[in-house]
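Enquirer: Dropping a structure here in structure tokens format, bear with me for questions.
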Amino acid sequence: MLIVDGDYPMAIGALHGGRDLTLSIDELRANDAALNGPSSDDDAMCSLPEMRRGGVAVALVKIVSCILRPGHKHGDVRTDHQAHASGKGQLAYYQILEATGETRLLKTSDDFKTHMDAWSDAESREELPVGMVLGMEGADAITWPGQVHDWYDAGLRVISLSHYGVSRYSHGTGTGTDGGLLPPAKELLREMDSLGMILDVSHTSDESVRQELDIFEGPVLASHQNCRALCPGERQFPDHQLQRIIERGAVIGHSMDTYMIWPGGMDWANFPPKPPFDESDVTLEHYVDHIDHVCQLAGNSLHSAIGGDTDGQGGARQAPLGIETVADYQKIADILDTRGYKKRDIENVMYRNWQRFFEKWLP
């Protein structure tokens, strides 16, 4: 069965981790060391050949660059200029993958449909380009709201206003912060509306989500988001927030991060130095509980999907038991089948929901 992954911060692993994602997963894991120190390549879940092997036809890939601000430890750069340059470097990485035939940037609805048809019809996927929809996780790389037009022209289609902590535009999640939007956010959201862009509400504080949904009139998704009712903690969404974005037609991709799945929940304001649970304590059954929870809230299977945060969530060691690579995402279909989901409903979760969403909302 085909898969569409709603969240894969691919460029971070390649540029910050020094990973050659054109290698097979075994070749990648065999690397002894990254360029700048000890490598975690032995824990990698994904490479382009592994996506082909696992039937992952498309991923919503991300540009991620966050400014380090006082009071919030999360951040990889210190200045506006660095954030913008880092983002453009990640964009260049995605562009060279496309130029060399490894991937295809899906900028339009027709691009997406043509790509999915090619993957559906292919007898072998070994030589097929992997599809990428370009998103941005935290908007610090957009130095001022009007600059989003340049990013759009380069292929950017999806934006979340924040990541961990506080961005230029809003409060995010995972650090104990609970504020809302910041002054430049309203203008950015209006510019996004004018371009027909998609708003990603993942990694955004409850108050920020409430405010941005009041302002933004366009399409909404949650690229990698789990359910607070099943896993307490601010990084997950409460039911009322899930219901609100379901009413907006959102697709909700569910993260493979065990910190967002463990039923014991997490105090994100006081993040533990190591997981307060054993690796075997979080299984793929727990993960599918989040898929099922959204389906029950919606009353159908049209809003729940995969949003693995693939390798951004910590790799195979921080994935549910049974997930070693993205090819193991196929096991989700088996669990849904044992729970009585019909074939069409399983296909919705695995790829059709994302496919319908992007074919509708890409230009």
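Enquirer: Which residue pairs have Cβ atoms closer than 9 Å, lie 6 or more positions apart in sequence or on different chains, and pair a first residue in the range 82-100 that is touching a residue at least 24 places away in the same chain (Cβ under 8 Å) with a second residue that is aromatic (Phe, Trp, Tyr) and part of a helix (DSSP H, G or I)?
Expert: 87/151; 91/151
Enquirer: Report yes if residue 86 is within 22 Å of residue 225 (Cα to Cα) and among the polar types (S, T, N, Q), otherwise no.
Expert: Against the criterion (within 22 Å of residue 225 (Cα to Cα) and among the polar types (S, T, N, Q)), residue 86 does not qualify.
Enquirer: If you check residue 221 against the conditions, is it among the aliphatic types (A, V, I, L, M), part of a loop (DSSP other than H, G, I, E, B) and modelled with pLDDT of 95 or more? Don't jump to the end; show me each part of the working.
Expert: Details: among the aliphatic types (A, V, I, L, M): yes; part of a loop (DSSP other than H, G, I, E, B): no; modelled with pLDDT of 95 or more: yes.
When the stated conditions are applied, residue 221 does not pass them.
Enquirer: Collect the residues in the range 102-132 that are farther than 19 Å from residue 156 by Cα, part of a helix (DSSP H, G or I) and not hydroxyl-bearing (Ser, Thr, Tyr), keeping them in residue-number order.
Expert: Within the range 102-132, 116, 117, 118, 119, 121 qualify.
Enquirer: Of all residues in the range 44-101, how many are surrounded by 15 or more Cβ atoms within 10 Å (Cβ to Cβ), more than 22 Å from residue 310 (Cβ to Cβ) and among the β-branched types (Val, Ile, Thr)?
Expert: 2
Enquirer: Continuing with this model, one more query. Report yes if residue 92 is closer than 30 Å to residue 350 by Cβ and either modelled with pLDDT of 95 or more or part of a strand (DSSP E or B) (or both), otherwise no. First the steps, then the outcome.
Expert: Working: closer than 30 Å to residue 350 by Cβ: no; either modelled with pLDDT of 95 or more or part of a strand (DSSP E or B) (or both): yes.
Considered against the rule, which asks whether it is closer than 30 Å to residue 350 by Cβ and either modelled with pLDDT of 95 or more or part of a strand (DSSP E or B) (or both), residue 92 comes out as no.
Enquirer: Hand me the list of helices (runs of 4 or more DSSP H) wholly inside the range 275-350 holding 1 or more residues that are under 17 Å from residue 55 (Cα atoms). Steps first, answer last, please.
Expert: Numbers: elements: 284-298, 331-338, 343-347.
Where helices (runs of 4 or more DSSP H) fall fully within the range 275-350 and carry at least 1 residues being under 17 Å from residue 55 (Cα atoms), they are 331-338, 343-347.
Enquirer: Taking the residues in the range 95-124 that are in contact with a Pro (Cβ under 8 Å, 6 or more places away or on another chain) and among the β-branched types (Val, Ile, Thr) as candidates, determine which candidate is nearest to residue 22 (Cα to Cα).
Expert: Ranking the qualifying residues of the range 95-124, first place goes to 103.
Enquirer: Oh, and also: So which of 178, 140, 153 ends up being closer than 27 Å to residue 98 by Cα, of a type outside the set (A, V, I, L, M, F, W, C) and in contact (Cβ under 8 Å) with a residue 40 or more places away in the chain? Let's see the steps before the verdict.
Expert: Numbers: 178 fails: closer than 27 Å to residue 98 by Cα; 153 fails: in contact (Cβ under 8 Å) with a residue 40 or more places away in the chain.
Going through 178, 140, 153 in turn, the sole match is 140.
Enquirer: Out of the residues in the range 1-58 that are hydroxyl-bearing (Ser, Thr, Tyr) and under 24 Å from residue 137 (Cβ atoms), state the one that is modelled with the lowest pLDDT.
Expert: 39
Enquirer: With (1) surrounded by 16 or more Cβ atoms within 10 Å (Cβ to Cβ); (2) free of Cβ contacts under 8 Å to residues at least 24 places away in the same chain; (3) not aliphatic (A, V, I, L, M) as the list, and residue 289 as the residue in question, which single condition is left unmet?
Expert: Tallying (1) surrounded by 16 or more Cβ atoms within 10 Å (Cβ to Cβ); (2) free of Cβ contacts under 8 Å to residues at least 24 places away in the same chain; (3) not aliphatic (A, V, I, L, M), residue 289 fails exactly one: (2).
Enquirer: Mind telling me which of the residues 199, 188 ends up being under 19 Å from residue 84 (Cβ atoms) and aliphatic (A, V, I, L, M)?
Expert: Exactly one of 199, 188 is under 19 Å from residue 84 (Cβ atoms) and aliphatic (A, V, I, L, M), namely 188.
Enquirer: Follow-up question, since we're still on this one. So which residues in the range 320-340 are surrounded by 19 or more Cβ atoms within 10 Å (Cβ to Cβ) and closer than 23 Å to residue 24 by Cα, if there are any at all?
Expert: Once the filter is applied, which keeps residues that are surrounded by 19 or more Cβ atoms within 10 Å (Cβ to Cβ) and closer than 23 Å to residue 24 by Cα, the range 320-340 yields 320, 323, 325, 326, 327, 329, 332.
Enquirer: Could you tell me how many of the residues in the range 117-153 are within 30 Å of residue 1 (Cβ to Cβ), surrounded by fewer than 20 Cβ atoms within 10 Å (Cβ to Cβ) and small (Gly, Ala, Ser)?
Expert: The total comes to 4.
Enquirer: Residues 300, 348: which one is closer than 20 Å to residue 58 by Cα and either over 17 Å from the mean Cα position of the chain (by Cα) or surrounded by fewer than 17 Cβ atoms within 10 Å (Cβ to Cβ) (or both)? Full working, then the answer.
Expert: On the way: 300 fails: closer than 20 Å to residue 58 by Cα.
One residue alone meets the criteria, 348.
Enquirer: Moving on. Answer yes or no: is there a residue in the range 253-261 that is outside any strand (DSSP E or B) and at pLDDT below 95. Walk me through it before giving the result.
Expert: Quick first cut of the range 253-261, residues outside any strand (DSSP E or B) only: 255-261.
Then drop every residue that is not at pLDDT below 95, which leaves none.
For the range 253-261, residues outside any strand (DSSP E or B) and at pLDDT below 95: absent.
Enquirer: Here's another thing I want to ask about it. Counting just the residues of the range 133-186 that are part of a loop (DSSP other than H, G, I, E, B) and acidic (Asp, Glu), which one comes out nearest to residue 197 (Cα to Cα)? First the steps, then the outcome.
Expert: So the first thing to find is which residues in the range 133-186 are part of a loop (DSSP other than H, G, I, E, B), and the list is 138-144, 154-155, 161-163, 165, 167-169, 174-180, 182-184.
Then drop every residue that is not acidic (Asp, Glu), which leaves 140, 178.
Values: 140: 17, 178: 26 Å.
So, considering only residues that are part of a loop (DSSP other than H, G, I, E, B) and acidic (Asp, Glu), the one nearest to residue 197 (Cα to Cα) is 140.
Enquirer: Still on this structure: Please indicate, with yes or no, whether at least one residue in the range 82-100 is among the β-branched types (Val, Ile, Thr) and in contact with a strand residue (DSSP E or B) (Cβ under 8 Å, 6 or more places away or on another chain). Can you show your working first?
Expert: Initially, the range 82-100 is screened for residues among the β-branched types (Val, Ile, Thr), giving 96, 100.
If we keep only those that are in contact with a strand residue (DSSP E or B) (Cβ under 8 Å, 6 or more places away or on another chain) too, we end up with none.
Within the range 82-100 (the criterion being among the β-branched types (Val, Ile, Thr) and in contact with a strand residue (DSSP E or B) (Cβ under 8 Å, 6 or more places away or on another chain)), the answer is no, since none of the residues qualifies.
The values are calculated or read from the model by the stated rules, or taken from the named source; none is laboratory data. Worth saying up front: this structure is predicted, and the values here are computed from it rather than measured. Every residue, glycine as well, gets a Cβ built from its backbone with ideal geometry; the counts of neighbours run over all protein chains shown.
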